[in-house]
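The values are calculated or read from the model by the stated rules, or taken from the named source; none is laboratory data. This is a predicted model, so every value here is computed, not measured. Glycine gets a Cβ as well: all are built from the backbone with ideal geometry, and neighbour counts include every protein chain shown. Heavy atoms of the whole protein, side chains included, go into the accessibility calculation; ligands, DNA and RNA do not. Shrake-Rupley method; radii C 1.70, N 1.55, O 1.52, S 1.80 Å.
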Amino acid sequence: MSEKRIYNFSPGPSMLPLEALEICSREMTNYQGSGMSVMEMSHRSKIFIQIFESTQNKLREMMSIPDNYKILFLQGGASTQFAMIPMNLMGLGKDNTADYAVTGYFAKKAAAEAKKYGQVNLAFNGEAESFARIPKQSELNLNPNASYFHLCTNNTIYGTLWDYIPETGNVPIVADMSSCILSEPVDVSKYGIIYAGAQKNMGPSGLTVVIIREDLVGKAFPFTPTMLDYETMVKNDSMYNTPTTYSIYVHGLVLDWLKSIGGLTGMQKINREKAKILYDALDESSMFVTTAEKASRSIMNVTFKTNSEELDAKFIKEATERNLCNLKGHRAVGGMRASIYNAMPVEGVVALAKFIKEFESKN
Ligand SMILES: *Cc1c(COP(=O)(O)O)cnc(C)c1O
């Protein structure tokens, strides 16, 4: 079965570690002698609570999450967080205002959603520069009275990555890490909230992970729907209603795999190596250019193009014939995008780099 698998460069949902999928397959109809699938278990049963808590503990250990942070397993995707964050945090400061760094498609969406709940100050807006880069600290126009500062750490569509944590004084940083969480070690204590849709680096879609500092819980606007109040989810251990049980189980298996390859430090080394192989191939080429500025390059989403749309289409088509799949760039950028998340093996990236060279010499 495994030899028929493709190298899937999809931006998300994306590849999962084969080791995790094989365990899913083995345990699909009978989880560890329970006589049922994880999908068939009550979320309140002892056996599922054990899966739930061990998954939370594994994530806490993997990311070295301090004790004064809660881990929430929610639903609604990162996109629901775009609304939950302002509903819960906009009222923290007295001015109902928040700072947003708009560095891409999702960051822009988050800022637009926040405008419904307060005043949004664009601490940076990279749209006029086609979101090709991340601002320097000195370029950030920060309001010291802001309730929070929101950024999107890795810009999935434009292929850029914040390689530093901005200095914001006492203003808590809220980070959308959907497309880079678990790709490298991160100092959680520098953030107020870290959130991510699971479908890039954590597991299947449906699960949204929120890591929130305790003092930020219980500050929601009174009109906040019960389901969208962090306090509801903290008080009920993410089980106010039925959580996305199967995705949580798979997330746990992904964390086991990550641990087996050396945790976040091991993963970072592999991810940097993969990105280097690809960027080196692109930098050596005279046919392809990368669309993100060098200093801002993502190690998860590599965006590139030729100078011709026909050639781009030909590249994507011929790559697909070689099992190098889902390389089409987002319509906002065009060209190609190789999403090389944690589960993309080095061999997949090597094969793509080889094909880049071959394609150039033939065309
Ligand atoms: C994929 C993605 C989203 C959207 O996530 P959903 O779970 O589909 O809502 C938001 N932000 C970033 C950075 C993403 O990569």
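Within region 225-238, is even one residue surrounded by fewer than 17 Cβ atoms within 10 Å (Cβ to Cβ) and either of a type in the set (A, V, I, L, M) or within 16 Å of the ligand (Cβ to nearest atom) (or both)?
So the first thing to find is which residues in region 225-238 are surrounded by fewer than 17 Cβ atoms within 10 Å (Cβ to Cβ), and the list is 225-227, 231, 235-237.
Okay, now just the ones that are also either of a type in the set (A, V, I, L, M) or within 16 Å of the ligand (Cβ to nearest atom) (or both), so 227.
Yes, region 225-238 contains at least one residue that is surrounded by fewer than 17 Cβ atoms within 10 Å (Cβ to Cβ) and either of a type in the set (A, V, I, L, M) or within 16 Å of the ligand (Cβ to nearest atom) (or both).
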Just give me the residues in region 72-96 being open to solvent by 10 Å² or more (accessible area, probe 1.4 Å) and away from the ligand (no atom under 15 Å from the Cβ), in sequence order.
MET87, GLY91, LEU92, GLY93, LYS94, ASP95, ASN96
Would you confirm whether any residue within region 260-270 is part of a loop (DSSP other than H, G, I, E, B) and touching a Pro at 6+ places or on another chain (Cβ under 6 Å)?
no
Just to be sure, is GLU113 acidic (Asp, Glu) and either within 16 Å of the ligand (Cβ to nearest atom) or not assigned by TED's automatic domain parsing to the domain that holds PRO243 (or both)?
yes
State whether the residues of region 151-166 include one that is closer than 29 Å to LYS305 by Cβ and in a helix (DSSP H, G or I).
no
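So, LEU74, is that one over 20 Å from LEU207 (Cα atoms), in the same structural domain as TYR195 (by TED's automatic domain parsing), out of contact with any Cys (no Cβ under 6 Å at 6 or more places or on another chain) and at pLDDT 95 or above or not?
Values: over 20 Å from LEU207 (Cα atoms): no; in the same structural domain as TYR195 (by TED's automatic domain parsing): yes; out of contact with any Cys (no Cβ under 6 Å at 6 or more places or on another chain): yes; at pLDDT 95 or above: yes.
No; evaluated as a whole, the condition is false for this residue.
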Quick check on my filter: what residues within region 314-363 are exposed (fewer than 14 other Cβ atoms within 10 Å of the Cβ) and among the hydrophobic types (A, V, I, L, M, F, W, C)?
ALA332, VAL346
Being among the charged types (D, E, K, R) and closer than 30 Å to ALA20 by Cα is the requirement here; does LYS200 meet it?
yes
For region 183-228, which residues satisfy the criterion of being part of a helix (DSSP H, G or I) and of a type in the set (S, T, N, Q)?
SER189, THR226
Does region 107-130 hold any residues that are acidic (Asp, Glu) and either closer than 17 Å to VAL171 by Cα or open to solvent by 60 Å² or more (accessible area, probe 1.4 Å) (or both), and which are they?
GLU127, GLU129
Would you check if there is a residue in region 39-57 being away from the ligand (no atom under 16 Å from the Cβ) and at positive phi?
no
Considering only region 143-191, how many residues are open to solvent by less than 10 Å² (accessible area, probe 1.4 Å), away from the ligand (no atom under 16 Å from the Cβ) and either in the same structural domain as MET300 (by TED's automatic domain parsing) or within 17 Å of the chain's Cα centre (by Cα) (or both)?
1
Going by what's in this entry, would ARG133 be described as basic (Lys, Arg), open to solvent by less than 60 Å² (accessible area, probe 1.4 Å), outside any helix (DSSP H, G or I) and at negative phi?
yes
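Looking at ALA295, ALA275 in this structure, which one is closer than 30 Å to LEU352 by Cα and under 18 Å from the mean Cα position of the chain (by Cα)? Steps first, please.
On the way: ALA295 fails: under 18 Å from the mean Cα position of the chain (by Cα).
Unique residue meeting the criteria: ALA275.
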Could you say whether any residue in region 200-221 is more than 16 Å from the ligand (Cβ to nearest atom), open to solvent by 30 Å² or more (accessible area, probe 1.4 Å) and either polar (S, T, N, Q) or within 21 Å of ASP256 (Cα to Cα) (or both)?
no
Condition first: among the polar types (S, T, N, Q), in a loop (DSSP other than H, G, I, E, B) and over 30 Å from MET336 (Cβ atoms). Now tell me which residues in region 5-64 satisfy that.
THR29, ASN30, SER34, SER37, SER42, SER45, SER64
Just to be sure I understand the filter: pairs with C-beta atoms under 8 Å, separated by 6 or more residues or on different chains, first member in region 256-267 and loosely packed, with under 13 Cβ neighbours inside 10 Å, second member modelled with pLDDT of 95 or more. Which pairs pass?
SER260/GLU19; GLY262/LYS269; THR265/PRO185
Just to be sure I understand, how many residues within region 239-253 are assigned to a loop (DSSP other than H, G, I, E, B), surrounded by 20 or more Cβ atoms within 10 Å (Cβ to Cβ) and of a type outside the set (S, T, N, Q)?
1
Identity of the residue in region 16-56, open to solvent by less than 30 Å² (accessible area, probe 1.4 Å) and among the hydrophobic types (A, V, I, L, M, F, W, C), that ends up farthest from THR156 (Cα to Cα)
MET41
